[in-house]
Structures are given as structure tokens and as C-alpha cells.
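S.K.: Shown below is the structure under consideration.
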Amino acid sequence: MNGLISLLREQKGVLMVGAGSSAIVGYPLWKELIEELGNKFTPEPSETSSEDLVKDSDKIKENISQSGRLSEYYKFIDRIFQPRHDSDNFTDFHCTLLKLGFCGITTTNYDEVLEYAAGAAYEGEGYLRCDPIDLCDESKRYRVHEYLRSLSPDNPHNKILHLHGCHTNPQGIILTEEDYLKKYGMMNPDTSSTKGRTLDTLHRKVIWSLLVMHSLVFVGFSMDDPFFMNTLEIVQKDFSLDSDPVHFAIMGYSSDDERDEIERKLRSKGIQTVFYYAPKDENGIADHGGLQNLVFHLQALLKEEHPKPTERRVEKTESKKITKPPEVGFPSLDEINQKTLGLY
């Protein structure tokens, strides 16, 4: 916790937000999204599990393509993640999270929850509207460059980078296994074979740059994305980092064994964990209300008075009354001349 607090005070970390954050205002998690797509577009959707979600999404999209309904598929995704007009698009949690102290904000989500929260969080401070920067939009790559160069403690947070695309460009989002393989450079477009290449796509270059130049703070992120974690391993190998702690992840746990397993797994990736308790109900669904409580707790800790690293702490002492020293009689100039007469 102390390491995270220090990073937030210095405003040098990049916030990395996953689907768990947007789920708070009703947007679907990845598993729920795949199930919704299956229910709408396939006559007999198969049971989905965390192990085969990517492959399931591929099968669903393939069926949609064969039935000539791709246009309907893209409209469906856009409408699921577009801003809501009948409910709030963010909460106090999102505003508080963004103002903890980051030099940049990045997300894998398709929605604009963070953009709306940023507008509310910085309202009245000469703030301009916050725009989504879509890494999957090949026609506006220059905006990604602008975003990367804006990362600093003085960042006005009027840009949020969407690593896996934005609902406004549904044709470009990363959702299926084929999408991942193309965007993360693990497929040769000419031969359709995986080659295990490293930095030959923009996605890998951008994520590699973020991981190298900044400490990332993962919030609402499952840390199960094999493609993202693979890029993290590449950075570790490139710089011989081993398990040196570089990044932070705020994670929920339901049992001590689960907590130990998460901590062990992420420590090997150079990620320090900050935990909150997420109890599961009888159906095995975890309650992540502790995440919001933890973020508000971090806000309270950051508000506490804290000396800057370059400042010395001044101890308070009782003020003492300065008294004038007693007057001492000094001889006059005439007396001195009289006494020294004949000495020179």
C-alpha cells in the first residue's frame, strides 16, 4: 500500500482500467458480452467458460458472418456500449479514481464511462472535454502519439487511450481470437500461422512503451488476458527484470488461498498487489463493493498532510520569549583615550 501511495503522490503512474469498473454502472463483463452475442445471433449458444471465451467469440462471429448479419453485429456492439440516456454513465467512484493522481489513463473497455467521469471530476477547473483515443482506429494513429507524449504529472486528462477499441468504431474492436492474434502480432496475415513475434504491431509497441516508461496501476482488471500478459513477459525479458516490482494491481479475493495464489502469480510478473475482500454468494458471484471502498480510502490517505521528499520535516516547538540581555556598562571614548595615553 505504501508503494502505491508514493506513486500516486508523485503522479507518475498510468491508470489501467478493466471491465470491472464499467460493470458498476451496468455495462457487461466480457463473459456476459459473449453470452449476449450468442443468445442474439446463434440459434443454440454453447455453454461458455473462462477458458474458451475467446474461441466462443470466434465461433459466434463466424456464424454471424456466414448468415450475412455482420452489419447487425456491429450495430449491436455499438448500442450496448454507447452512453446511457436513461441512467448515469459514471459514479462518484469513477471520479474519485481518476483524481487519485495519475499521469495518464488507459482502458481496455469499449465504453466512455471514464470520459464522462473525467468531465465531471475536473468540471470548473478550465477543463476541456475528454476524448477517447482509439488504438484500433488506423486512420488516426497520430492521436495515439499525442497521447503518449502527454503523459506527465501535469496531464490535463482530456484524452483516454482505449487499447482494445471504442464502441464508436465497432468494426475495429478486439473481441475474437482472430482480433487478438492480428492486433498483438501473433499471426502472419499471409500464412495465417502464429509466429510468436514481438514488437511488429502498433498494439505491442504501444503497450510495451507504457510498461517500460511508466508504472501501471490495474483497476477492475482480471489479469487473465494472455496476450497482454505475454507483452509484460517480453518487457521482463528485454530488461532482465525477473520479478522486480514495477506495477500495481488492485485485486479482490474471496479466500486466503485465492489471495495467496493471486499474489504469487502477479509477483512473478513484477506486479505488487493491493487487496480488498470480495465475498462470494451461494452462486459463486463475488461482491466487488470493496473496490469502491478501497478507492475512497486511498483518497482519504492522499489528503493527509505529507511533506515533499525534498522538504525537511519541521518539528513544532514551544515559542520562547526572547529577552533582552542585561546592559553592560562600556567606557566612553574619552575614558579609553585617557587610559591608553602614552602607550603608543
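Where a number appears in this text, it was derived from the coordinates with a stated rule and is not lab data. Note that the structure is a prediction, hence the values are computed from the model and not measured. Ideal geometry is used to build each Cβ from the backbone, glycine not excepted, and the neighbour counts take in all protein chains shown.
S.K.: Suppose R0 equals 22 Å; then what is the FRET efficiency for Ile285 and Met1 from their Cβ-Cβ distance, rounded to the nearest 0.05?
M.R.: That pair, Ile285 with Met1, gives E of 0.25.
S.K.: Between Ser215 and residues 5 or more places away or on another chain, which pairs have amide H atoms under 5 Å apart, with H built 1.01 Å from N, and which residues are they?
M.R.: Val14
S.K.: Let me ask something else. Got a sec? Charge dipole of the stretch 2-303, +1 on Cβ for Lys and Arg, -1 for Asp and Glu; which of Ser57, Val295, Ser240 is way out at the positive end?
M.R.: After comparing all options, I get Ser240.
S.K.: Okay, next question. Given a Förster radius of 35 Å and the C-beta distance between Asp256 and Val212 as r, what FRET efficiency does 1/(1 + (r/R0)^6) yield to the nearest 0.05?
M.R.: After rounding to 0.05, the efficiency reads 0.55.
S.K.: Only four residue types carry charge here, +1 at the Cβ of Lys and Arg and -1 at the Cβ of Asp and Glu. Report the dipole size of the stretch 2-303 about the Cα centre in Debye, rounded to the nearest 20.
M.R.: Dipole about the Cα centre, nearest 20: 1080 debye.
S.K.: Nearest 20 debye, what's the magnitude of the dipole of the stretch 1-40 about its Cα centre given +1 on Lys and Arg Cβ and -1 on Asp and Glu Cβ?
M.R.: Once rounded to the nearest 20, the dipole reads 160 debye.
S.K.: Which whole-Hz ³J(HN,Hα) couplings does the stretch 164-178 yield from phi under the Karplus relation 6.51 cos²θ - 1.76 cosθ + 1.60, θ = phi - 60°, glycine and proline marked x?
M.R.: 9, x, 10, 4, 5, 10, x, 5, x, 5, 9, 9, 8, 4, 4
S.K.: Tabulate in residue order the Karplus-calculated ³J(HN,Hα) for the stretch 141-152, using 6.51 cos²θ - 1.76 cosθ + 1.60 with θ = phi - 60°, rounded to whole Hz; enter x for Gly and Pro.
M.R.: 5, 4, 6, 5, 4, 4, 4, 4, 6, 8, 6, 6
S.K.: Please report the antiparallel percentage of DSSP beta bridges with both residues in the stretch 2-303, rounded to the nearest 5.
M.R.: DSSP beta bridges in the stretch 2-303 are roughly 5 percent antiparallel.
S.K.: Beyond 32 Å between alpha-carbons counts as too far, so tell me which of Lys183/Lys303; Lys12/Lys140; Lys12/Lys280; Lys59/Lys159; Lys159/Lys280 fall in that bin.
M.R.: Violating the 32 Å Cα-Cα cut-off are Lys183/Lys303; Lys12/Lys280; Lys59/Lys159; Lys159/Lys280.
S.K.: Sticking with this structure for a sec: Can you give the local net charge around Ser243? Use residues other than it whose beta-carbon is closer than 14 angstrom to its beta-carbon, Lys and Arg +1, Asp and Glu -1.
M.R.: In short, +1.
S.K.: While we're looking at this one, here's another question. Roughly speaking, what is the stretch gain from Glu10 to Asn293, that is 0.36 nm per residue apart minus the C-alpha to C-alpha distance, in nm to one decimal?
M.R.: 99.6 nm
S.K.: Express in nm, to one decimal, how much length is gained between Ser222 and Lys265 on full extension, taking 0.36 nm for each residue of separation and deducting their alpha carbon distance.
M.R.: So the extension gain works out to 14.3 nm.
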